[in-house]
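A.B. asks: One structure follows; several queries about it will come next.
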């Protein structure tokens, strides 16, 4: 049985990227954190906060090159906090992984 109930459209690439996340419903403010892995449509993000599936947030690269609304796909407890699966809703230009070219 898979840890993730939904099959991924594409594989993620291990990449530690400094990002900012904001929009938590109970704990306001911006959290500076890191990705664990990324794809053109999402990332696994380390966070100190517990999020709920389908929570909406904003993801931005620490360099300011990219900003997009996003959706929490899952939240798992980890030793040092939580890991959330983030679906980037407007991947466009500036995200670290470009979408694959159509066949």
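Laboratory data are not the source of any read-out in this text; all were calculated from the coordinates shown. All figures in this text were calculated on a predicted structure; none of them were measured in a lab. Reconstructed Cβ throughout: ideal geometry from the backbone, glycine too, with neighbour counts over all protein chains shown.
A.B. asks: Between 78, 87, 16, find the one with the highest GNM mean-square fluctuation for the chain; connect C-alpha pairs within less than 10 Å.
C.D. replies: Per the Cα network of the chain with a 10 Å cutoff, 78 tops the list.
A.B. asks: Shifting gears a bit: Fewest to most neighbouring Cβ within 10 Å: what's the order for 76, 24?
C.D. replies: 76, 24
A.B. asks: Report the far tail of the P(r) of the chain, meaning the percent of Cα-Cα pairs longer than 21 Å.
C.D. replies: In whole percent, the long-distance tail amounts to 27.
A.B. asks: Could you check the simple spin-label distance between residue 89 and residue 27, using points 7 Å along Cα→Cβ, in nm with one decimal?
C.D. replies: 2.2
A.B. asks: Right, next: Quote to one decimal, in nm, the extra length available between residue 54 and residue 71 on full extension: 0.36 nm per residue of separation minus the C-alpha distance between them.
C.D. replies: So the extension gain works out to 5.6 nm.
A.B. asks: I've got another one for you. Need the full-extension length gain, residue 98 to residue 16, defined as separation in residues times 0.36 nm minus the C-alpha distance. One decimal, nm.
C.D. replies: 27.9 nm
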